[in-house]
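The values are calculated or read from the model by the stated rules, or taken from the named source; none is laboratory data. Quick caveat: nothing in here was measured; it's all calculated off a predicted structure. Here the Cβ is made from the backbone with ideal geometry for all residues, glycine too, and neighbour counts use every protein chain on show. In case anyone asks, the SASA skips ligands and DNA or RNA and just uses the protein heavy atoms, side chains included. Shrake-Rupley method; radii C 1.70, N 1.55, O 1.52, S 1.80 Å.
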Amino acid sequence: MKIKPKRIKVSHKSKNRPPLHQLHRRDRNGNLTSKARHNMASDVTAEAAGQDEQDRSISRDGTDPLSLEARFDEQGRPQVPELYTSSPPIRDHLTTDTSISQDDVVKQCLPRLIKCSRSLVGVNSYGIPSLKREDHIKFLQEAIEYPRYIAFDPVRPWVIYWSLTALSLLGENVELYQQRVVETLSPCQNFGGGFGGGNGQLSHVATSYAVVLSLAMAGGGKNMDMLNRRALWRWLGELKQTDGGFRVCVGGEEDVRGAYCSMVIISLLALPLELPPNAPARAHGFTSFLDGLPEYLSRCQTYEGGVSAVPQSEAHGAYAFCVLACLCILGPPNEMISKYLDLPLLLSWLSSRQSAPEGGFNGRTNKLVDGCYSHWVGGCWPLIQAALSESPENPNAAKSTVGSLYSKEGLTRFVLSCCQADGGGMRDKPNTFPDAYHTCYTLAGLSSTQHDSGYSGMRHGEAGYPLDSAFAWESSKEDSDGPKNEALELIDAGDTLTSLHPIYVIPWGVVERCRELFSKKTGF
């Protein structure tokens, strides 16, 4: 017979303790009253005598032993807001596997967030740990130089892309890997077009996407010369489908990943938009890669408001990013997104992806937070904000912008408090192992909180290429007279990352270099 351990219920509320609004009462000048300071001092004394919250579990009867009110500094400002140090006030009392898993994640994250609010070592005045920059760089260097991904051989180009992107975010010069990248990726190119995961493997649009971006980052023009653009163009023509979408490989599945990766390759390499003669879709009246594409993407929006891989499937954060970024390649975001998606419904769904107290994003309804969604969901917000902002073609006209639509503070706290592994690298969440994938996309999400990007309206029409909207974006520099970036206020100057292009997810300079290189090419 199993004997259940007795659950200890702990309450932080005292019968003699004044209400919260009295505890934090201030005078007309904004200073804490003497009574408030006395109550705070009593709280600190009582807290020091209490049991460590990390050893207590969350009960499902509404009692939350890990709840902790915000601590204040000498100026009376809270180091960590209560939102990030206590469980959600509304709880469903129905116990399921999902609710148990959610409780486990909260128990893993809360102690780290609370500990940061108490520690005077390794955190700044806002209770946020420093970025372990050198540890992450060392972790990524080992991932790319001494790979241990034997079981993941078909995603070798992805490991290179993840590592190069993350190293770029950390300020490293990735062109030092130029020779190694070329030697590793050259055998992956197939005579019939596209790249496989390894030598002799079937060409896949996802690995081709990773190869193109990796070559662009690791040296630009010299590396890009190894690309057989004509074969790549003909191969992509075989992937174009009669419903407007793309397959991920010849004979493979069709989903929005295929559409996004294909359009990134086509636009970045300035491939002709006309379908090649061998394209099967020509038999059904299609003549361009763009035919039926936005309509196909529109059909992938679900009743919840999110976006699924294919029509009539489950909404997922990564697919939402693929669709939004793909639409932004096809035209200005304030035109394309509003025209082909139900924007209010999408806003509602995306807003539900950020969790408290963790502060991170989940990818689907009733799922757990994951560091990688810092990009897949967090990367949707700049595109949405651009769709809601007016982008006049007149560069001298005032541009109407929309403020942040998600909590940058919450995501910053989650990434730096819960996703950094002790030995370097980023992870899904506490008690999981770091890898190059999570390091790349978690850092990308953190970078997006620090840099504001938007659609400038300055399109490069002189190149004569229809897909010039993707190059009409810019990374906004913080204006001393303008609104402050809340995420930059929370971190130290040494914890900032470089910025990435919101559509191509590579450094801005790399995108511009590709545009200049291939916009001059009139043929293959």
Every pair of residues 6+ apart whose Cβ atoms lie under 6 Å, when the first sits in the stretch 412-434 and is at positive phi and assigned by TED's automatic domain parsing to the domain that holds residue 449 while the second is assigned to a loop (DSSP other than H, G, I, E, B) and open to solvent by 10 Å² or more (accessible area, probe 1.4 Å): 425/434
Where a residue in the stretch 338-349 is closer than 16 Å to residue 377 by Cα and its partner, wherever it lies, is in a loop (DSSP other than H, G, I, E, B), with Cβ under 6 Å and at least six apart: 345/305; 346/305; 348/305; 349/304; 349/305; 349/306
Subset of the stretch 306-331 (residues that are open to solvent by 10 Å² or more (accessible area, probe 1.4 Å) and in a loop (DSSP other than H, G, I, E, B)): 309, 310, 311, 312, 313, 314, 316
Sole residue being among the aromatic types (Phe, Trp, Tyr), surrounded by 21 or more Cβ atoms within 10 Å (Cβ to Cβ) and in the same structural domain as residue 441 (by TED's automatic domain parsing), chosen from 246, 191: 246
